[in-house]
Amino acid sequence: MEMKKDLTFLKAKKLTRTFAEKYGRNPRILIAKIGQDGHDRGANVISTSFADIGFDVDIGPLFQTPDEISMQAIENDVHMIGISSLAGAHKSLIPKLIKSLNNKTSKKILIILGGIIPKKDYNFLYKKGVHKMFGPGTIISEAVIDILSNYINE
């Protein structure tokens, strides 16, 4: 009930509806855990929160390879992949995921990275093709606004 009064949440929901009007369906995101990272609490919070805002959410199993994630994303026709990374393998596994996607599809699929990512690695990951990164403490509705605003305006 509190969220129904939150202006940022309401703006995120409105932007989700705008996305659906423009693209003919709700935004669809795959939430995935890559590599040997079994910390899934954040991924579960993101999954539930994005669904509350109006996204269609697919959740991948733990310990996926970059190829498994790219195949699931393509098969489920997602608009974006949200990777939760806490195990420190982001500099090796995320570029492999992006390469796998690029080899399998020309469809626009945003890569969004969240978790514990050192700031010094941000530029490297952006250059490799990550679209957005969010760390601990991010307000989820603000992240949704950021993500969808960029997707709709690209």
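The values are calculated or read from the model by the stated rules, or taken from the named source; none is laboratory data. None of the values given here were measured: they were computed from a predicted structure. A quick note on method: Cβ atoms are made from the backbone with ideal geometry, for glycine too, and the neighbour counts reach across all protein chains shown. Calculation scope for accessible area: heavy atoms of the full protein, side chains included, ligands and nucleic acids excluded. Shrake-Rupley method; radii C 1.70, N 1.55, O 1.52, S 1.80 Å.
Given (1) over 20 Å from Lys96 (Cβ atoms); (2) open to solvent by 70 Å² or more (accessible area, probe 1.4 Å); (3) not hydrophobic (A, V, I, L, M, F, W, C), where does Asn26 come up short, assuming only one miss?
That leaves (2) as the condition not met.
Would you say Ala20 is at negative phi, open to solvent by less than 10 Å² (accessible area, probe 1.4 Å), at pLDDT 95 or above and part of a helix (DSSP H, G or I)?
On the way: at negative phi: yes; open to solvent by less than 10 Å² (accessible area, probe 1.4 Å): no; at pLDDT 95 or above: yes; part of a helix (DSSP H, G or I): yes.
Criteria not met by Ala20.
Which of the residues spanning the range 56-100 are β-branched (Val, Ile, Thr) and more than 14 Å from Ile111 (Cα to Cα)?
Pass one, the range 56-100, residues β-branched (Val, Ile, Thr): 57, 59, 65, 69, 74, 78, 81, 83, 94, 98.
Listed by number, the residues that qualify are Val57, Ile59, Thr65.
Please enumerate the residues belonging to the range 32-44 that are in contact (Cβ under 8 Å) with a residue 60 or more places away in the chain and hydrophobic (A, V, I, L, M, F, W, C).
Residue satisfying the conditions is Ile34 alone.
For the range 58-98, what are the residues that are touching a residue at least 24 places away in the same chain (Cβ under 8 Å), of a type in the set (Asp, Glu) and more than 28 Å from Ile152 (Cβ to Cβ)?
Once the filter is applied, which keeps residues that are touching a residue at least 24 places away in the same chain (Cβ under 8 Å), of a type in the set (Asp, Glu) and more than 28 Å from Ile152 (Cβ to Cβ), the range 58-98 yields only Asp67.
Failed condition for Glu75, given (1) farther than 28 Å from Leu10 by Cα; (2) modelled with pLDDT of 95 or more; (3) in contact with a Gly (Cβ under 9 Å, 6 or more places away or on another chain), with all others met?
Single failed check for Glu75: (3).
For the structure I just gave you, tell me whether Ala12 is under 19 Å from Asn153 (Cβ atoms), open to solvent by less than 10 Å² (accessible area, probe 1.4 Å) and of a type outside the set (S, T, N, Q).
Yes.
Is it the case that some residue within the range 129-139 is under 21 Å from Lys14 (Cα atoms), open to solvent by 20 Å² or more (accessible area, probe 1.4 Å) and among the hydrophobic types (A, V, I, L, M, F, W, C)? Let's see the steps before the verdict.
First, the residues of the range 129-139 that are under 21 Å from Lys14 (Cα atoms): 132, 138-139.
Filter once more, keeping what is open to solvent by 20 Å² or more (accessible area, probe 1.4 Å): 132, 138-139.
Among the residues that remain, those that are also among the hydrophobic types (A, V, I, L, M, F, W, C) are: 139.
Within the range 129-139 (the criterion being under 21 Å from Lys14 (Cα atoms), open to solvent by 20 Å² or more (accessible area, probe 1.4 Å) and among the hydrophobic types (A, V, I, L, M, F, W, C)), the answer is yes, since at least one residue qualifies.
Lys99 - would you say it is of a type in the set (Lys, Arg) and at pLDDT 90 or above?
Yes; evaluated as a whole, the condition is true for this residue.
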